[in-house]
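Asker: Structure provided below as structure tokens; questions to follow.
Readers should treat all values here as calculations from the given coordinates under stated rules, not as data from a laboratory. What you see is a predicted model; the values in this text were computed from it and never measured. Note that we place each Cβ from the backbone using ideal geometry, even for glycine, and neighbour counts take in every protein chain shown.
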Amino acid sequence: MTNIFKDFTSRIQSAVLSTGLTARSGEALDISRIVVEPPRDPSHGDLATNAAMVLAKGAGMKPRDIAEKIAAALEGDPDIAAAEVAGPGFINIRLEPGFWAAFLASVLKAGEGYGRSDLGGNVKVNVEYVSANPTGPMHVGHCRGAVVGDALAGLLDFAGYDVTREYYINDAGSQVDVLARSAFLRYREALGEDIGTIPEGLYPGDYLKPVGAALAERYGEELLAMDEADWLPIVKDITIDAMMEMIRGDLAALSVHHDVFFSERSLVGNGKNRVEEAIRDLRDRDLIYVGTLPPPKGQLPDDWEDREQTLFRSTDFGDDVDRALLKSDGSYTYFASDIAYHYDKYLRGFGYQIDVLGADHGGYVKRMQAAVKAITGGEGKLEIKLCQLVKLFRGGEPVKMSKRSGEFVTLRDVVDEVGVDPVRFMMLYRKNDAPLDFDFQKVTEQSRDNPVFYVQYAHARIASVFRQADEAFAGSDFGPEALCAAPLDLLTDEGELALAAKIAEWPRLVEAAAEAQEPHRIAFYLYELASALHGQWNRGKDLPQLRFINADRSDLTTARLALVYCAKLVIRAGLGILGVGAPDEMR
RNA sequence: GGCCCCGUAGCUCAGCUGGAUAGAGCAACGGACUUCUAAUCCGUAGGUCGCAGGUUCAAAUCCUGCCGGGGUCGCCA
């Protein structure tokens with residue numbers, strides 16, 4: 001058991017049962033609310049539990065009285081040096097020094113797998129993120145969702161879920177027609193025509209020039225002779241492919257990876273029509289009707305008029321109003337095809353789905369969750385993580401962006417200027433529902449103070465210690481296998497034990513972060529762990545006997561190398577979840 | 001106006017799903033480099049957790065109402 005908090009929770013539950021305490025009703029006590037956590041103040045010991053306080057009411061006793069009984073029962077545990085009652089009824093537990101040696105040995109044995117959890121029970125989960133429209137290169141706005149989604153997927157994978165990372169390509173709406181027309185203009189330009197300024201409503205960006213050139217190369221003047229109805233599908237296909245090619249390149253630059261790129265157009269075709277299926281299904285459940293919606297409260301839109309619409313009863317599932325499925329021209333709304341898409345995911349075996357979206361989609365959460373609940377008969381679960389906007393600054397000044405003029409900061413610009421690791425870590429060093437100010441100047445200029453380097457430096461520093469150890473003890477073996485045999489009971493310094501305790505929090509943190517779906521917790525934890533490592537390192541300056549390497553003590557050195565090796569395992573695993581590199585040396 | 005998110009140290013933010021005396025970083029001040037890389041560390045100072053009620057052994061955390069900031073609001077994608 002490498003998760004000491006789970007381990008001791010069950011030990012304490014056993015201890016409670018052994019006291020023979022019962023509820024006032026005579027029934028057994030509810031021990032499920034008992035938690036074991038690291039105490040906020042290290043002087044309180046290694047572990048703390050609220051057991052007595054959560055049991056007090058049911059047992060009809062004072063918390064401190066119960067605590068005394070439980071503490072007494074715990075004294076029998078050979079790993080517990082002391083169990084003291086404190087404050088309103090906490091039980092503070094101090095562990096035997098030998099416990100940490102055994103714990104570290106189990107970490108070494110677990111190796112790379114330390115911290116992995118079976119929390120997810122191998123349940124299939126589909127994480128959809130990025131899903132930028134295929135109408136141009138990715139811009140910074142996509143950056144945060146991409147990184148958060150990628151890290152969340154990594155986290156859930158580490159916590160034992162069967163994760164599929166998915167990208168939804170919106171290649172069916174009218175926007176891709178606009179895209180095709182924009183590309184067609186560039187095609188004419190490539191054939192030598194003077195196209196003047198790009199008309200309002202079309203995509204003006206230069207990135208379509210190569211597409212136009214490619215079209216000219218391939219078709220010559222052939223397309224010019226066609227009606228739009230004939231050239232549009234051809235140009236559309238080619239342009240979307242080109243855009244996706246570009247986007248995949250952008251994602252690769254940010255080291256973001258997807259398992260599935262799902263095309264909206266593929267919902268219909270090859271003898272199937274998911275949209276119709278979904279609508280039919282909802283109709284069968286009597287969840288569709290034709291009616292009018294009440295106007296929004298407060299200020300009425302200028303052009304408001306009552307209109308009959310085909311509506312989905314999303315209010316039956318917690319939404320604020322019912323939502324339209326058909327446009328007035330009879331075609332499906334975006335919402336309708338999105339229902340079909342989530343339905344398709346469900347049919348592919350994903351009862352558990354997560355969408356990572358920008359905060360501007362906030363109004364979309366309830367209706368989509370309602371739809372998933374409805375169409376899966378309550379069996380499917382959709383969670384939506386909203387990422388707040390990223391505001392760009394340069395030296396304190398806001399960076400202006402205009403999508404219409406085609407002048408926006410691309411994701412590629414950011415990565416090129418700042419680097420992948422700092423970008424990713426910065427995006428993850430914040431809760432996803434808090435806004436984020438991203439200042440190029442700060443991130444680059446103050447890169448030495450950037451938390452990502454602090455964490456990476458800890459990893460590199462440990463690697464350096466091993467290089468030094470190999471020199472100091474030429475011919476010795478400090479490989480993982482050898483470290484398993486290290487005399488870990490020589491680790492008695494408080495800083496060393498504090499580092500071990502920090503390492504011990506890892507499995508607990510992984511599970512908490514996965515349950516909350518909050519990858520940022522990993523980033524903050526890594527910072528704390530790095531801090532514990534740097535702190536212990538520096539204590540060696542005043543007290544040379546505390547240095548990791550003691551040239552005349554190979555046994556002690558081996559034990560300490562084993563300790564920092566455990567820290568290195570965790571940092572590597574954590575940075576791996578975040579998709580950030582773990583270098584062996586800083587440059 | 002409805003819905004969603006945010007409000008914690010001068011600044012940027014954590015706060016482990018209700019626990020003990022609310023924590024980091026930056027900025028300020030004072031220290032530590034003949035060192036296993038000082039890209040580091042140690043110390044000092046800094047708070048009415050937006051405001052007011054409520055829930056209970058216990059609230060920054062949960063509930064209600066305000067105040068302030070952002071997002072969004074019938075067929076767009």
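Asker: If you take the alpha carbon radius of gyration of segment A:518-587 and divide it by 2.2 N^0.38 Å, what ratio comes out, to two decimals?
Answerer: In units of the globular-protein estimate, segment A:518-587 measures up at 1.26.
Asker: Relative contact order (percent) for segment A:96-169, with alpha-carbon contacts under 8 angstrom and 6 or more residues of separation?
Answerer: After rounding, I find 44 percent.
Asker: In nanometres, what is the gap between the two model label sites at A:L224 and A:E471, each 7 Å from Cα along Cα-to-Cβ?
Answerer: With each label point 7 Å from Cα toward Cβ, the separation is 7.0 nm.
Asker: Separate question: Counting just the Cα atoms, what span does chain A cover along each of its three principal axes? Round to the nearest Å and put the largest first.
Answerer: Largest first, chain A extends 87, 68, 45 Å along its Cα principal axes.
Asker: How high is the FRET efficiency from A:C484 to A:S25, r the C-beta distance, R0 51 Å, rounded to 0.05?
Answerer: The calculated FRET efficiency here is 0.50.
Asker: Checking the a/c ratio against 1.5 first, then a/b against b/c, what shape does the Cα gyration tensor give for segment A:61-184?
Answerer: In terms of gyration-tensor shape, prolate.
Asker: Here is a follow-up. Report the trypsin sites (Lys or Arg not before Pro) located in segment A:223-300 that are in a DSSP loop and have at most 11 other Cβ atoms inside 10 Å of their Cβ, or state none.
Answerer: Taking segment A:223-300 and a limit of 11 other Cβ atoms within 10 Å, the loop trypsin sites (Lys or Arg not before Pro) found are A:K297.
Asker: Just rank A:H142, A:H258, fewest to most, by other beta-carbon atoms within 10 angstrom.
Answerer: A:H258, A:H142
Asker: Go ahead and run the numbers for FRET between A:R553 and A:M1, Cβ-Cβ distance against an R0 of 41 Å, rounding to 0.05.
Answerer: 0.85
Asker: Which one, A:L386, A:L488, A:A458, is farthest towards the positive end of the dipole of segment A:342-491 when Lys and Arg carry +1 and Asp and Glu -1 on their Cβ?
Answerer: Of the listed residues, the answer is A:L386.
Asker: Then there's this: Give me the distance between the Cα centres of segment A:280-344 and segment A:86-142, rounded to whole Å.
Answerer: That distance is 40 Å.
Asker: Under 20 Å between alpha carbons: how many lysine pairs meet that in segment A:310-458, if sequence neighbours fewer than 8 apart on the same chain are excluded?
Answerer: Lysine pairs meeting both conditions in segment A:310-458 amount to 15.
Asker: In whole angstrom, how far apart do the alpha carbon centroids of segment A:7-21 and segment A:490-512 sit?
Answerer: Centre-to-centre distance over Cα atoms comes out at 24 Å.
Asker: On to the next question. Roughly what % of DSSP beta bridges within chain A run antiparallel, to the nearest 5?
Answerer: Percent antiparallel among DSSP bridges in chain A is about 50.
Asker: Under 8 Å for C-alpha pairs, at least 6 residues apart: give me the relative contact order for segment A:32-172, rounded to a whole percent.
Answerer: Relative contact order here is 19 percent.
Asker: To the nearest 0.05, how large is the calculated FRET efficiency for A:L389 and A:Y334 if R₀ is 35 Å and r is the Cβ-Cβ distance?
Answerer: Computed FRET efficiency for A:L389 and A:Y334 comes out at 0.95.
Asker: I'm checking a number: the convex hull volume of the Cα atoms of segment A:343-423, normalised per residue, in Å³. What is it?
Answerer: 152
Asker: Residue separation times 0.36 nm, minus the C-alpha to C-alpha distance between A:T315 and A:K541: what's the value?
Answerer: So the chain would gain 74.8 nm between A:T315 and A:K541.
Asker: Run the numbers on chain A and let me know its relative contact order in percent, using alpha-carbon pairs under 8 Å that are six or more apart.
Answerer: 15
Asker: Separate question: Modelled label-to-label distance, A:S18 and A:S43, 7 Å Cα→beta-carbon offset: nm?
Answerer: Computed distance between label sites A:S18 and A:S43 equals 3.1 nm.
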